[in-house]
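Chemist: Just passing along the structure, written as structure tokens.
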């Protein structure tokens, strides 16, 4: 779950991370009021959950309340990458001496959290990694020990930050890591972390990505979710309790178990076609879950074919077959569906599907080859 900048900054402030003074506004008149209260030049920043807002004109500086109202009116009428701007963050404009980067992500290769620091802030870290990889200092965090003082000093030195910023940088680094852990985040980023002309470090921007699997522990944050910002199919899947991720291909995928489903995506890709989604119905899935999942996939216009790959352990193949039939009841099937059922109650499952338009396959490889051939992929 992505957070808006103003939401992330609310959390930053709770954890003692300095942020610019300001407030969120949904009307131009509200932006004017905030600017009047601050009594200085302000930055007007579009609040959308997509990148590139600066390049799209979604961040501008206003010198006075009149300008703030005018600029807010312009930004609130914008769409950035098809996302309407419904709120703006109005905050004091900073006098910038330097811009740094501080971020924490999950490093899956090392199975640890990774802290990154760079003196080249204010631009995408991916761009810095590509053009100046040596400018990024990194350290992996042992989950038992946490983010230690010597590691923070080491990052500060390696990144060649201004020596006078060490003390506030250490405080911000510790606070950001605590927030990251406490809030079940898998990304926490300050870009830029601004060194002002009067020597203060302030989080000029804030980005937080919360692990959906941890949202049951984060009731307040979960209440901030805005479905209008989500993919419609992923939002619907979440309502139904389905483990679903929408992709950009043409073949709908249903599997049971994350490992099998991921492998199915790989096999399909090798066959020369692209998966349209990841959908794991889980172990022991009942017919209802299968029906809901297949209905969701078939409602996606980008899906040109479906591959169902079930290896029955605690999942019974006859239950899967029942769910498939329930989903197709009274529906005119417009795309081919290849089904591989192996394991518990596989014979009963296959028998239920006999005489239907569904295409059986004995193995996962055969299923991928059949769906590729049906979609006329060489």
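Chemist: Can you report the principal axis dimensions of segment 214-332 using only the alpha carbons, biggest first, rounded to whole angstrom?
Modeler: Answer, in whole Å and largest first: 40, 32, 31 Å.
Chemist: Further question: Calculate for the chain the 222 nm mean residue ellipticity that helices alone would give, adding -39,500 (n - 2.57) per DSSP H run of length 4 or more and normalising by residue count, nearest 500 deg cm²/dmol. Please list the in-between numbers first.
Modeler: On the way: 13 runs with 135 residues, N = 378.
My calculation for the chain gives -10500 deg cm²/dmol from helical runs alone.
Chemist: Calculate the radius of gyration of the Cα atoms of the chain to one decimal place, then report Dmax, the largest Cα-Cα distance, as a whole number, both in Å.
Modeler: 25.2, 78
Chemist: If the viscosity is 1.002 mPa s and the temperature 20 °C, what Stokes-Einstein diffusion coefficient in µm²/s follows for segment 312-378 when Rh is the Kirkwood radius over Cα pairs?
Modeler: Translational diffusion coefficient: 171 µm²/s.
Chemist: Could you give the distance between the Cα centres of segment 306-378 and segment 225-286, to the whole Å?
Modeler: Computed from Cα coordinates, the inter-centre distance equals 16 Å.
Chemist: Taking the 0 to 90 degree range and rounding to the nearest ten, how far is the long axis of helix 65-76 tilted relative to the main principal axis of the chain, both from C-alpha atoms?
Modeler: 10 degrees
Chemist: Same structure, new question: From the gyration tensor of the Cα coordinates in segment 96-222, what semi-axes in whole Å does the equivalent ellipsoid have, largest first, with each one equal to sqrt(5λ)? The partial results should precede the final answer.
Modeler: Numbers: eigenvalues 110, 52, 44 Å².
Each semi-axis is the square root of five times an eigenvalue, giving 23, 16, 15 Å.
Chemist: Can you tell me the 0 to 90 degree angle between the C-alpha axis of helix 258-270 and the longest principal axis of the chain, rounded to 10?
Modeler: 80 degrees
Chemist: Still on this structure, I have one more. Place a point 7 Å from Cα of residue 61 in the direction of its Cβ. Which residues in segment 25-54 have their backbone N less than 18 Å from it?
Modeler: Backbone N within reach: 35-36, 38-46, 54.
Chemist: Please give the FRET efficiency for residue 335 paired with residue 110, using the beta carbon to beta carbon distance and R0 = 45 Å, rounded to the nearest 0.05.
Modeler: Details: r = 41 Å, r/R0 = 0.91.
So, using R0 = 45 Å, E works out to roughly 0.65.
Chemist: Where does helix 317-328 land angle-wise versus the long Cα axis of the chain, in degrees 0 to 90, nearest 10?
Modeler: Result, in degrees: 80.
Chemist: Need one number: convex hull volume per residue for segment 21-92, Cα atoms only, in Å³.
Modeler: Working: hull volume 4.7 nm³, N = 72.
Dividing the Cα hull volume of segment 21-92 by its residues yields 66 Å³.
Chemist: Would you mind estimating how fast segment 230-277 diffuses translationally, via Stokes-Einstein at 37 °C and 0.692 mPa s with the Kirkwood radius over Cα pairs, in µm²/s? Numbers along the way, then the final one.
Modeler: Numbers: Rh = 11.2 Å.
The diffusion coefficient I find is 293 µm²/s.
Chemist: Taking every Cα atom in segment 156-267, find the radius of gyration and the maximum pairwise distance Dmax, and write them in Å.
Modeler: Cα radius of gyration and Dmax of segment 156-267 are 19.8, 58 Å respectively.
Chemist: Next up: Which of 87, 45 comes first, and how do the rest follow, when ranked by fewest Cβ neighbours within 10 Å?
Modeler: Numbers: 87 21, 45 26.
With the sparsest Cβ surroundings first, the list reads 87, 45.
All of the numbers you see were taken from the coordinates with simple rules; none came from a lab. Fair warning: this is a prediction, and the values are worked out from it, not measured in the lab. Glycine gets a Cβ as well: all are built from the backbone with ideal geometry, and neighbour counts include every protein chain shown.
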